[in-house]
Amino acid sequence: MLFGIEWDTTSNWLFASSILPILLRGLVTTIQATVVGFAVAAVLGLLLAALKSARLRIISWPARLITEFLRDTPLLIQLFFLYYVLPDYGIVLPAFLTGALALGVQYSAYMSEVYRAGIESIARGQTEAARALDLSALRTFFIIIVPQAIPRIIPALGNYLVSIMKDVPVLSVVSVLEMLSVAKIIGDRTFNYLIPLSMVGGLYLVLTLFASAAIRYLDTRLPKQGLPLR
């Protein structure tokens with residue numbers, strides 16, 4: 001007996017092994033939502049950063065307003081809006097896709113600021129040299145500036161990858177069966193919450209450790225120096 005709780009080690013291990021396949025299915029959903037959400041955030045965040053960097057205020061100011069709106073409103077409200085409001089206008093999306101988009105849209109605002117910091121760290125001489133070579137602003141941005149900026153912001157982007165992963169349980173409110181919601185269902189049916197929730201915590205720990213190790217590997221492998229100016 002420990003802390004007033006009587007433990008049956010054999011039955012606990014049998015119970016854990018019996019629910020592991022179910023939790024692993026929830027794990028797959030968690031990973032899929034994380035990957036899709038991060039991909040949406042990475043692309044949309046870069047687009048917002050490019051628009052905010054535009055010299056014309058008619059382009060940059062709307063992008064700044066959108067970024068502030070997304071950062072200053074809760075993820076749950078954005079999720080409810082996509083899931084419950086859009087169908088009133090004929091846009092019906094599956095629960096999983098809706099949740100992944102909500103994650104991506106929310107984090108695109110944060111990641112746009114990370115992109116902006118990376119872009120501003122590039123010496124202005126790079127842009128001036130591209131202009132001297134008669135490269136368009138679009139080509140300069142995506143071919144010269146962005147490839148140099150991204151290696152410098154890998155750690156920050158990686159932090160948001162982990163944050164997206166840990167926010168996936170929010171999607172359970174729109175019936176997405178990720179790990180935590182599966183564990184809760186198991187607990188409701190067996191009246192044993194300790195084991196499934198502990199297993200989910202352990203799986204999340206493994207996921208975040210793996211993601212952090214991958215981020216550190218990329219950070220050490222990708223070159224961060226700028227292109228030489230001749």
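The values are calculated or read from the model by the stated rules, or taken from the named source; none is laboratory data. All figures in this text were calculated on a predicted structure; none of them were measured in a lab. A quick note on method: Cβ atoms are made from the backbone with ideal geometry, for glycine too, and the neighbour counts reach across all protein chains shown.
Quick notes
- Candidate set: region 120-149, residues that are surrounded by 18 or more Cβ atoms within 10 Å (Cβ to Cβ) and without any contact (Cβ under 8 Å) to a residue 40 or more places away in the chain; chosen: the one farthest from the chain's Cα centre (by Cα): Ala130
- Number of positions in region 50-94 that are more than 28 Å from Val174 (Cα to Cα), at pLDDT 90 or above and either loosely packed, with under 11 Cβ neighbours inside 10 Å or β-branched (Val, Ile, Thr) (or both): 1
- For the residues Leu180, Leu138, the requirement of being over 28 Å from Thr220 (Cβ atoms) and in contact with a Phe, Trp or Tyr (Cβ under 9 Å, 6 or more places away or on another chain) singles out Leu180.
- Residue within region 196-211 that is in contact with a Phe, Trp or Tyr (Cβ under 8 Å, 6 or more places away or on another chain), modelled with pLDDT of 90 or more and either β-branched (Val, Ile, Thr) or under 30 Å from Ser112 (Cβ atoms) (or both) present: no
- Extreme residue, surrounded by the most Cβ atoms within 10 Å (Cβ to Cβ), among residues of region 173-208 that are touching a residue at least 12 places away in the same chain (Cβ under 8 Å) and among the polar types (S, T, N, Q): Ser181
- Of the residues making up region 115-134, just one is of a type outside the set (Gly, Ala, Ser) and in contact with a Leu (Cβ under 6 Å, 6 or more places away or on another chain), namely Tyr115.
- Matching helices (runs of 4 or more DSSP H) fully within region 140-230 where at least 2 residues are touching a Ser or Thr at 6+ places or on another chain (Cβ under 7 Å) and not aromatic (Phe, Trp, Tyr): 154-167, 179-190
- Leu51 vs. criteria closer than 23 Å to Ser121 by Cα and in contact (Cβ under 8 Å) with a residue 60 or more places away in the chain: no
- Residues in region 103-134 that are over 28 Å from Leu76 (Cβ atoms) and in a helix (DSSP H, G or I): 12 in all.
- Test result for Leu161, hydrophobic (A, V, I, L, M, F, W, C) and touching a Phe, Trp or Tyr at 6+ places or on another chain (Cβ under 7 Å): yes
- When region 175-228 is filtered for residues that are farther than 18 Å from Ser17 by Cβ and of a type in the set (S, T, N, Q), the ones remaining, listed by number, are Ser175, Ser181, Thr208, Ser212, Thr220, Gln225.
- None of Ile91, Ile59 is out of contact with any His (no Cβ under 8 Å at 6 or more places or on another chain) and not in a helix (DSSP H, G or I) except Ile91.
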